[in-house]
Amino acid sequence: MPFEIVRHDITRMTVDAIVNTANPRPVIGRGVDSRIHEMAGPELLAARQQIGNIAPGCAAVTPGYGLQAKFVIHVVGTQWRGGMFGESMLLRSCYDSALTLALENGCQSIAFPLISTGTYGFPKDKALQIAISVFSAFLLKHELQIYLVVFDGDSYRLSEKLFRRVASYIDERYADACLQKSAAPRRRLRRRSEAMCEGAAMDDGISAVPMSLADRLKQADAGFTETLLRLIDRSGKKDSEIYKRANLSKQHFSKIRNNPDYRPTKPTAVALAIALELDLEQTKDLLARAGYALSNSSKFDLIILYFIEQGNYNIIEINMALYEFDQSLLGGRE
């Protein structure tokens, strides 16, 4: 899964590079910076002093020393001053600069905190939107495992407005599902009664001959993989674009493409529907071929339904919403 949100201590991440929200001057700052220096040991400060000052929006790299990461990429964020002084541009530059250094140093994985949201006071929802935008654009062009590391569920919020909309959507659909569930026994009883009346009205009509199992199997619809590949061909998109938009690795997608009987997990199947930007009926059809359905009694399903109905197919943003409601993320590992 090229992008993951993890609840962890970033200093203990086993990755090629961790991103440190550093002080502009070569001194040990507070928060994440202090913890990283403590875990890395005194060599890190010496290496940082050799670099000298780092301007806001810029980044520099040092070895990881005592950390489990090979490298520390030091970025200097920006103080929030109301949004009228280029803060968003500088924050975006932090992410871009760190990702560029990761590529230049041959990294295959990188862990980020949510930059500038601590002592610099950058609003977390705005900072998260910038991170989503940068990661989404980057992963369409490059192969890199990106982790966004948070301490707890309250460390960020995608958007208070979006959160309320999704929560309201879930509440409304849950209510509808409960009403439908309570009405189901009455509908079954009515259908049974109607069937009995129809049977009594039949005299000596000829009964339909049941189809044999072998005949039914011959008439089976195309499976998940066959349908997926046909949809990809029809979309005109390259495989690389599809698996990146689906938050899948190249290796994982290759297993799907080369196995006609592949059975994906539900998050993987949904991720591929999102990558293809299928409408609701097309999504339901693709999922059904893998043995899944979307239900109004599942929070995971309702969040997916909400984003499809809104025409929002940004898988990182969808995963942020799923994470906030403690649901499985889209994509997958093999």
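Miscellaneous remarks
- Near pairs, Cβ below 6 angstrom, 6+ apart or cross-chain, from region 286-306 (without any contact (Cβ under 8 Å) to a residue 40 or more places away in the chain and closer than 17 Å to Asp171 by Cβ) to any residue that is assigned to a loop (DSSP other than H, G, I, E, B) and among the polar types (S, T, N, Q): Phe300/Gln327; Asp301/Ser295
- Looking across Leu99, Leu67, one residue alone is part of a helix (DSSP H, G or I), under 23 Å from Leu44 (Cβ atoms) and assigned by TED's automatic domain parsing to the domain that holds Met39. It is Leu99.
- Within region 300-323, being small (Gly, Ala, Ser) and touching a Ser or Thr at 6+ places or on another chain (Cβ under 7 Å) holds for no residue.
- The residue that is nearest to Ser249 (Cα to Cα), counting only those in region 1-35 that are among the polar types (S, T, N, Q) and assigned to a strand (DSSP E or B), is Asn20.
- Out of Gly41, Gly57, Gly77, sole residue that is surrounded by 20 or more Cβ atoms within 10 Å (Cβ to Cβ), assigned by TED's automatic domain parsing to the domain that holds His142 and on the phi > 0 side of the Ramachandran plot: Gly57
- Failed item, numbered, when Ile10 is tested on (1) touching a residue at least 12 places away in the same chain (Cβ under 8 Å); (2) surrounded by fewer than 22 Cβ atoms within 10 Å (Cβ to Cβ): (2)
The values are calculated or read from the model by the stated rules, or taken from the named source; none is laboratory data. Quick caveat: nothing in here was measured; it's all calculated off a predicted structure. All Cβ positions, even for glycine, are placed from backbone atoms using ideal geometry, and neighbour counts span all protein chains on display.
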